[in-house]
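Presented below is the structure to which this report refers.
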Amino acid sequence: MNLLTRDVPPRSAWALEQAGLHPLLARLYAARGVQSKDELDDALNLLLPPSGMLGTTAAAQLLADALTQNKRLCVVADYDCDGATACAVAVRGLRMLGAQHVSYLVPDRVVDGYGLTPPIAQRVHAQGADVLITVDNGIASVAGVQAAQALGLQVLVTDHHLPGSELPAAEVIVNPNQPGCSFASKSMAGVGVMFYVLLALRAELRQRGVFDAHHQPRLDALLPLVALGTVADVVKLDANNRRLVAQGLRRVRSGALPPGMTALMRAAGRETSKATTFDFGFALGPRINAAGRLADMTLGIECLLTDDAGRADALAKQLDAINRERRVIEGDMRDMAMEMAESLFDEGDEPPPAICVFDPDFHEGVVGIVASRIKDKLHRPTFVFAASSAPGKEHELKGSGRSIAGFHLRDALDLVAKRAPGVLLRFGGHAMAAGCTIAEEHLDLFEETLNQVALEWLDAATLQRRLETDGPLPAEYRRVDLVEMLQNEVWGQGFAPPVFCEEIEVVSQRLVGEKHLSLKMKHQGQAVEGIWFGRTEPLPARVKLAYRLDADEWQGQKRVRFLVEGADL
């Protein structure tokens, strides 16, 4: 692994320190492109205005008319954490703004597949809805929107995914990534887009005299959900997303969060008063996602919607149990898939440019996580396929892919579709994650075509595993209070958490749990404990390590430990 040290522009670091930031934070922020303290101001009034996002004004007018006419609204969600939080924000927010009839429907991953399909439109119509609102999906649902409109439904699409060559003919589309939208934050999650629609709707209702600035619903109560969905969907934390997450975290820490989030934090053994972005991404997000992977995402959405603490607790415990089951299934699948991936090349050789694995016993709910694990280990774009369990679709394979920096996965699938017409029945996604459906008979052709694209696009530099670090940690900063200071900041995709790097003496090492390396080390001559999760091979006595800081408790005393991320071996 190539360990790189981020440049720290001295002028920026000096300006931030002069503005009152801790010297360590000043250095870390400067290395991430922050030039002044103003950029770190997370005040709500600094959020980009909703009017700047194409479609929000028209969406607000459509929804305000629907509320005035007491129309029935139905939200069509997605079955991941972003979709679940976006659905909860939509339902809660519309009710706060006066909607009398709001329901939701979430597709079943196995039976329905992704997005607004014609059968989903039929079910929404059968429920008696007048207006269909998509959250975190819909930009690719050309046939679904057409079917909904043919049934007399008005359709509002809110999404953040990249559009295909044809846009659906919905009444209104709100998506910062649609053609013609000049909104500065292209990285907003689906939940953030829906939150913006609600802000625009509230402004429209003010204009119509329904509310005034002093007497209007406090939509900021929805920010904990917005923050959770934004972090869990691993979108880039640009300045606008960081503000949304910071505001949500602040409310969570003060106890102003939905009962379902409180219950999920408790189920994960976390304290709301000390909540971090790490908790959102690795504790709450997986528990909500597990419902969509193995059961029914309705469980996750209901947990986020209920105001009954007892019911929230029961649902959170159920989600926790499903997540434990997911871990077992994933562990078995990961081991099997990893063996298959490693069998594609001889020991000592480089892996192929792209990895594709399939087994009839794979569970389609966990293919994405397994693809991510293989990608992390082999540093190659990876697709894992499972047989579809939808009735009548047994001959189809559903694949989930994860990519490496420098290889745009959705664009790669687009090129595969052009070079091998008919192979991809459906596809969509982002640069780093995408999904597709193919006929089983076309698996070899898909693999061959994807590998050809990868061979052309990937150069030696892209294939070199790199980890950006923040250089050495001064010994005086190896303190519990500074670890906690760092953990309180907003880190995530595109605004990476601090990773320090330097040569360290390994005093002793042993395996724990058969798959983790527990380390006793000397950092600048002083003893420190560490652990490298997922590593079993021993380290040399002196080694350049990249590590994150953590604080754990030992015999009633808090101490700093290093979480090793990589080594220059």
Quiz item: What pairs from Lys186/Lys558; Lys522/Lys558; Lys186/Lys544; Lys375/Lys398 go past 29 Å between their alpha carbons?
Solution: Lys186/Lys558; Lys186/Lys544
Self-check item: Ranked packing of 399-408, 531-540, most packed first, by mean Cβ within 10 Å
Solution: 399-408, 531-540
Quiz prompt | Ordering of 85-91, 476-482, 261-267 by packing [mean C-beta count within 10 Å, highest first] | solution = 85-91, 261-267, 476-482
Quiz item: Volume per residue, Å³, of the convex hull around the alpha-carbon atoms of region 344-463?
Solution: 99 Å³
Practice problem: Indicate the gyration tensor shape class of region 1-156 (rounded, prolate or oblate), computed on the Cα atoms with a ≥ b ≥ c the square roots of the eigenvalues: a/c under 1.5 is rounded; otherwise a/b larger than b/c is prolate and the rest oblate. | Solution: prolate
Exercise. Counting other beta carbons within 10 Å of each Cβ, put Trp491, Trp14, Trp554 in order, fewest first.
Key: Trp554, Trp14, Trp491
Practice problem: Sort Lys236, Lys375, Lys186, Lys398 so that the residue with the fewest other Cβ atoms within 10 Å of its own Cβ comes first and the one with the most comes last. | Solution: Lys186, Lys236, Lys375, Lys398
Exercise. Of the DSSP beta bridges with both residues in region 344-463, give the percent that are antiparallel, rounding to the nearest 5.
Key: 80 percent
Quiz item: Mean residue ellipticity at 222 nm from the helices of the chain, using -39,500 (n - 2.57) per DSSP H segment of n ≥ 4 over the full residue count, to the nearest 500 deg cm²/dmol?
Solution: -12000 deg cm²/dmol
Exercise. May I have the convex hull volume per residue, in Å³, for the Cα set of the chain?
Key: 161 Å³
Practice problem: Name all residues of region 6-30 having a backbone nitrogen under 13 Å from the label point set 7 Å from the Cα of Ala405 along its Cα→Cβ direction, giving them as ranges. | Solution: 6-7
Self-check item: GluC sites (Glu not before Pro) within region 144-223, DSSP loop, no more than 10 other Cβ atoms inside 10 Å
Solution: Glu166
Quiz prompt | region 466-568, dipole about Cα centre (Lys/Arg Cβ +1, Asp/Glu Cβ -1), debye to the nearest 20 | solution = 320 debye
Quiz item: Using a ≥ b ≥ c from the Cα gyration tensor of region 466-568 (square roots of the eigenvalues), is it rounded, prolate or oblate, where a/c under 1.5 gives rounded and otherwise the larger of a/b and b/c decides, a/b for prolate?
Solution: rounded
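Throughout, read-outs are computed from the coordinates displayed, never taken from laboratory work. What you see is a predicted model, and the numbers here were worked out from it, not measured in a lab. Here the Cβ is made from the backbone with ideal geometry for all residues, glycine too, and neighbour counts use every protein chain on show.
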